[in-house]
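Asker: Below: one structure in structure tokens.
The values are calculated or read from the model by the stated rules, or taken from the named source; none is laboratory data. Computed from a predicted model, the values in this text were never measured in an experiment. We place every Cβ from the backbone using ideal geometry, glycine too, and count neighbours over all the protein chains shown.
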Amino acid sequence: MIMLTAIPTVRFARGRMRIIDQTLLPSRYEIAELGDLDSVCDAIARLRVRGAPAIGVAGAYGLLVAIEEQWGRALPVFDSAIGDDGAPRTATVTPPAGIGYAELKSTLDRAAEKIVATRPTAVNLAWAVNRMRPCWQGPRDVGAVCHALLAEADAILREDLDMGRAMTTHGAALLGRDDRVLTHCNTGGLCSGGIGTALGVVFAAASQGKHIQVFADETRPLLQGARLTAWECRERGIPVTVLVDGASASLLASGDVSCVMVGADRIARNGDTANKVGTLGLAISARQFGVPFYVVAPSSTIDASLRDGSAIPVEHRAHHEVTHVAGVAHAPADVGAYNPAFDVTPASFISAIVTERGVQRPPYDLGGGA
Ligand code: MRU
């Protein structure tokens, strides 16, 4: 039986943020330690840590790193209450001596702006950083601010792990004993605090004894499907087949797929969903060939301020990601490249949206969460 255990995608210990460096997988599994704000922002921007829920957690802990960088060199300020396996441990907070509230506030204000600017589409990042703001905008005492910051960042990670367990259990009910699931990008433990969203549903179903097979789109240009989804499936003993993105339509036409399951980076109130570029094409093909298309995401991915998906900001990334593979050019020099990292799938293509609160069917009204 497969175990639905958390992997330590993002953690915080003894003054440093620790991440699984996702740019190195699948060839190397390495934990990177981040001790300054620039490294945190670079890690988020370069997808060393990635996936909507995971960058939310990283954004929250990133604020703690900004404090450690300034005042925690001799003695770490923070040690988290959550261990690598997600189990509770003893937290410590040692507020820096000899600094004033104004200094602390200005460091945190600057760090918050810088972190939120790293990636615009996944709403979880801004959501988590904004959720941290009352920690320093309320109390004006350095010790109280530090205690509040660690408690809130740990709460964001803890809730992410709890939401992951709940949403993957709800989602697993949608899968039959021998289903074959087509997925896109990476939505396993690597995209979250450590359990995952859409791929987490497959892991939850497998932990119930179901025999699920995964088809993983490679997910050009950064290959999160081929590198990360395939790695996670192998680690957990789930049969996985990788395909080029262009083969997904014919796979859906073949009738060999029971459903498509994807994650989300931002969901508008009406259910329109931004996710990794290529998701929209999958949804259109799934509709054409009568295959159910499910979105799985925590409620922290719902942006209740947006009526529909037309105002979701779509991140456009560097051209070399398209024209080069592993640093080697495979397109003529100086050609243009179109590289949106995400696309928006209209709600009308989505058979159900699964969150920690349950399975919602259309018409969607996610104003108060799903
Ligand atoms: O650019 P990435 O790798 O951060 O994009 C991630 C995705 O699009 C995932 O599918 C999404 O975050 C879902 S994880 C809940």
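Asker: Is it fair to say Ile55 is in a helix (DSSP H, G or I), touching a Lys or Arg at 6+ places or on another chain (Cβ under 7 Å) and either within 21 Å of Gly164 (Cβ to Cβ) or modelled with pLDDT of 95 or more (or both)? Break it down stepwise before answering.
Answerer: Details: in a helix (DSSP H, G or I): yes; touching a Lys or Arg at 6+ places or on another chain (Cβ under 7 Å): yes; either within 21 Å of Gly164 (Cβ to Cβ) or modelled with pLDDT of 95 or more (or both): yes.
Here the answer is yes, as Ile55 does meet what is asked.
Asker: Just to be sure I understand the filter: pairs with C-beta atoms under 6 Å, separated by 6 or more residues or on different chains, first member in the range 179-193 and within 16 Å of Thr23 (Cβ to Cβ) and near the ligand (Cβ under 7 Å from one of its atoms), second member part of a loop (DSSP other than H, G, I, E, B) and not acidic (Asp, Glu). Which pairs pass?
Answerer: Short answer, once both residue conditions are applied: Cys185/Thr219; Cys191/Gly51.
Asker: Which of the residues spanning the range 292-309 are away from the ligand (no atom under 13 Å from the Cβ) and touching a residue at least 40 places away in the same chain (Cβ under 8 Å)?
Answerer: Applying the first criterion (away from the ligand (no atom under 13 Å from the Cβ)) to the range 292-309 yields 292-293, 303-309.
Selection gives Pro292, Phe293, Asp303, Ala304, Leu306, Asp308, Gly309.
Asker: A further question on this structure: Among the residues of the range 54-78 satisfying the criterion of being in contact with a Ser or Thr (Cβ under 6 Å, 6 or more places away or on another chain) and over 20 Å from Asp42 (Cα atoms), which is nearest to the ligand (Cβ to nearest atom)?
Answerer: Checking each candidate, the answer is Val77.
Asker: Across the range 20-52, which residue is farthest from Thr229 (Cα to Cα) among those that are within 13 Å of the ligand (Cβ to nearest atom) and in contact with a strand residue (DSSP E or B) (Cβ under 9 Å, 6 or more places away or on another chain)? Talk me through it step by step, then tell me what you get.
Answerer: Here is the first cut: in the range 20-52, the ones within 13 Å of the ligand (Cβ to nearest atom) are 22-23, 25, 43-52.
Adding the requirement that they be in contact with a strand residue (DSSP E or B) (Cβ under 9 Å, 6 or more places away or on another chain) leaves 43, 48-49, 52.
On the way: Ala43: 19, Arg48: 15, Val49: 14, Ala52: 15 Å.
So the residue we want is Ala43.
Asker: What is the one condition in (1) within 20 Å of Val344 (Cβ to Cβ); (2) of a type in the set (A, V, I, L, M); (3) within 16 Å of the ligand (Cβ to nearest atom); (4) outside any loop (DSSP other than H, G, I, E, B) that Ile284 does not satisfy?
Answerer: Result: Ile284 passes all but (3).
Asker: Hey, does the range 353-361 have a residue that's touching a residue at least 24 places away in the same chain (Cβ under 8 Å), within 16 Å of the ligand (Cβ to nearest atom) and part of a loop (DSSP other than H, G, I, E, B)?
Answerer: Yes - at least one qualifying residue is present in the range 353-361.
Asker: For the range 223-244, which positions are part of a helix (DSSP H, G or I) and surrounded by fewer than 19 Cβ atoms within 10 Å (Cβ to Cβ)? Give the steps one after another, and end with the answer.
Answerer: As a first pass, look at the range 223-244 and keep what is part of a helix (DSSP H, G or I): 224-236.
If the condition is that a residue be part of a helix (DSSP H, G or I) and surrounded by fewer than 19 Cβ atoms within 10 Å (Cβ to Cβ), then Arg234, Glu235 are the ones that fit.
Asker: Of all residues in the range 93-119, which are in contact (Cβ under 8 Å) with a residue 12 or more places away in the chain, exposed (fewer than 14 other Cβ atoms within 10 Å of the Cβ) and of a type in the set (Ser, Thr, Tyr)?
Answerer: Answer for the range 93-119, where residues must be in contact (Cβ under 8 Å) with a residue 12 or more places away in the chain, exposed (fewer than 14 other Cβ atoms within 10 Å of the Cβ) and of a type in the set (Ser, Thr, Tyr): there is none.
Asker: Next question. I'd like to check something: does the range 196-205 contain any residue that is surrounded by fewer than 24 Cβ atoms within 10 Å (Cβ to Cβ) and either of a type in the set (D, E, K, R) or more than 15 Å from the ligand (Cβ to nearest atom) (or both)?
Answerer: No, the range 196-205 contains no residue that is surrounded by fewer than 24 Cβ atoms within 10 Å (Cβ to Cβ) and either of a type in the set (D, E, K, R) or more than 15 Å from the ligand (Cβ to nearest atom) (or both).
Asker: Any residue in the range 76-84 that is within 18 Å of Arg16 (Cβ to Cβ), of a type in the set (Gly, Ala, Ser) and in a helix (DSSP H, G or I)?
Answerer: Step one: list which residues in the range 76-84 are within 18 Å of Arg16 (Cβ to Cβ), which gives 76-84.
Applying the additional criterion that residues be of a type in the set (Gly, Ala, Ser) yields 80-81, 83.
Those still in the list that are in a helix (DSSP H, G or I) too: none.
No; the residues of the range 76-84 include none that is within 18 Å of Arg16 (Cβ to Cβ), of a type in the set (Gly, Ala, Ser) and in a helix (DSSP H, G or I).
Asker: Could you tell me whether Glu159 is more than 18 Å from the chain's Cα centre (by Cα) and of a type outside the set (Phe, Trp, Tyr)?
Answerer: No: the conditions fail for Glu159.
Asker: Something else now. Here is a list: Ala347, Ala326, Ala333, Ala274. Which entry is more than 16 Å from the ligand (Cβ to nearest atom) and in contact (Cβ under 8 Å) with a residue 24 or more places away in the chain?
Answerer: Values: Ala326 fails: in contact (Cβ under 8 Å) with a residue 24 or more places away in the chain; Ala333 fails: in contact (Cβ under 8 Å) with a residue 24 or more places away in the chain; Ala274 fails: more than 16 Å from the ligand (Cβ to nearest atom).
Criteria check complete, one pass: Ala347.
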